[in-house]
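Chemist: Would you mind keeping the following structure in view while I ask a few things?
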Amino acid sequence: ANVVIDGRTHPTSNFFISIGESGERKSAVDKQALKPHYDFQEELRITYKEEIKVYNRESEAYKKAKDDALKKIKGYDENLRALEKLGDEPESPFLPFVISEEPTYEGLVKSLEQGQPSQGLFSDEGGRFIGGHGMNSENALKTAAGLSGLWDGKPISRMRAGDGSSLLVGRRLSLHLMVQPNIAQMMLSNKMLMEQGLLSRCLCVYPKSTAGTRKYESIDLTDSQAMRTYRDKISEILHTPYNTGNTPNELLPKQVELDTGAKHIWQLFHDKVEEQLSEHGDLSTIKGFGNKAPEHALRLATALAGFDAPEISNFSRISSRYIRNSTILIQYYLNEQLR
């Protein structure tokens, strides 16, 4: 979806960074939160295995028919008519990945080009991505700029001598990196990342450790009503067909608007944040993130409202309840940035 306010359109994907020491149960929590996503990806993988077999057979048959047709005739016009009669080449099925953990930017773009149009860069060991090839000294600026462009919803332009040029539109990326404090320090103090703007696009938290208070409880999360409800809803959303354009992996996002009450609350929040961005204001030391706080609130409100919508495909309005909750959340993220 896109959230639209006074003619300005914003994608609703979000980027998150969660900081916690080793042993804080980051992986255990992430495993539960992403179970329906991995289940969905496994469904896609099984389907892809069968579809690629069919495609390979059809592709070989097409190549043989094309060679045979062109051998029998000569001349441009005759070849052209033969190729028109033969029709288009078979199209390869889309790659099944909806989650990646440590891609290069080029690999991510290739996945969005040849695979699912909406994907997540999710890692419970974010240090592997931050310390990987895509974020080394030679590639960090390119990767950061590329990720920022995806957050903004910009088309992806690729011009390469080797594999041709392309312009990808209608793609979406969400991001969540879980990192340890020493890795977070490297990332959050990186002057280039601060000036480039990637960090201001991320909602960052560093919660207080709960170590020493986590007494064992005999709870089976697979039998928990709350977890079943959550997983069923996520699965329903994942299985809802995308609204697409000329190609099945080119999104045409639904346009979602705020109702009158929600817009009033958001405008009050916008103006309050703006006042605090002045030279001696409370947010003057985090202007980059503060400038984007109102947009973050719009994105989160749309995600919250979309999750609760009885039918995600018919979702089109955001009520004041959701914008109120999202501004409370963004105030928390503002406090975390200051801290």
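The values are calculated or read from the model by the stated rules, or taken from the named source; none is laboratory data. Computed from a prediction, not measured in an experiment: that's the story for all the values here. FYI the Cβ positions are ideal-geometry reconstructions off the backbone, even for glycines, and counts take in every protein chain you see. Remember, those area values only see protein heavy atoms, side chains included, never the ligands or the DNA or RNA. Shrake-Rupley method; radii C 1.70, N 1.55, O 1.52, S 1.80 Å.
Chemist: Taking the conditions exactly as written (within 28 Å of GLY23 (Cβ to Cβ), free of Cβ contacts under 8 Å to residues at least 12 places away in the same chain and within 22 Å of the chain's Cα centre (by Cα)), does MET187 satisfy them or not?
Modeler: Answer is no for this residue.
Chemist: Sticking with this structure for a sec: Go through the residues of segment 132-141 one by one and say whether even a single one is farther than 21 Å from ARG201 by Cβ and in contact with a Pro (Cβ under 9 Å, 6 or more places away or on another chain).
Modeler: no
Chemist: Continuing with the same structure: From the residues in segment 76-94 that are open to solvent by 40 Å² or more (accessible area, probe 1.4 Å) and assigned to a loop (DSSP other than H, G, I, E, B), which one is farthest from TYR48 (Cα to Cα)? Please lay out each step first, then the result.
Modeler: Of all residues in segment 76-94, those open to solvent by 40 Å² or more (accessible area, probe 1.4 Å) come to 76-81, 83-86, 88-89, 91-92, 94.
Those still in the list that are assigned to a loop (DSSP other than H, G, I, E, B) too: 88-89, 91-92, 94.
On the way: ASP88: 21, GLU89: 19, GLU91: 13, SER92: 10, PHE94: 8 Å.
Once the filter is applied, the top-ranked residue is ASP88.
Chemist: List, please: which pairs have Cβ atoms under 7 Å, are six or more places apart or on different chains, and start with a residue in segment 13-38 that is of a type in the set (Lys, Arg) and end with one that is not in a strand (DSSP E or B)?
Modeler: Close Cβ pairs (under 7 Å, with a partner that is not in a strand (DSSP E or B)) amount to LYS26/GLY20; LYS26/ASP124; LYS35/ARG231.
Chemist: Next question, about the same structure. Mind checking which residues of segment 239-265 are out of contact with any strand residue (DSSP E or B) (no Cβ under 8 Å at 6 or more places or on another chain), surrounded by fewer than 16 Cβ atoms within 10 Å (Cβ to Cβ) and under 12 Å from PRO117 (Cβ atoms)?
Modeler: Correct list: PRO241, THR247, PRO248.
Chemist: Mind checking which residues of segment 95-113 are open to solvent by 80 Å² or more (accessible area, probe 1.4 Å) and part of a helix (DSSP H, G or I)? Step through it out loud before you land on a result.
Modeler: Quick first cut of segment 95-113, residues open to solvent by 80 Å² or more (accessible area, probe 1.4 Å) only: 97, 102, 110.
The one that is open to solvent by 80 Å² or more (accessible area, probe 1.4 Å) and part of a helix (DSSP H, G or I): LYS110.
Chemist: Moving to a separate point now. Filter segment 266-306 down to the residues that are open to solvent by 70 Å² or more (accessible area, probe 1.4 Å) and among the hydrophobic types (A, V, I, L, M, F, W, C) and list them by number.
Modeler: Correct list: LEU268 only.
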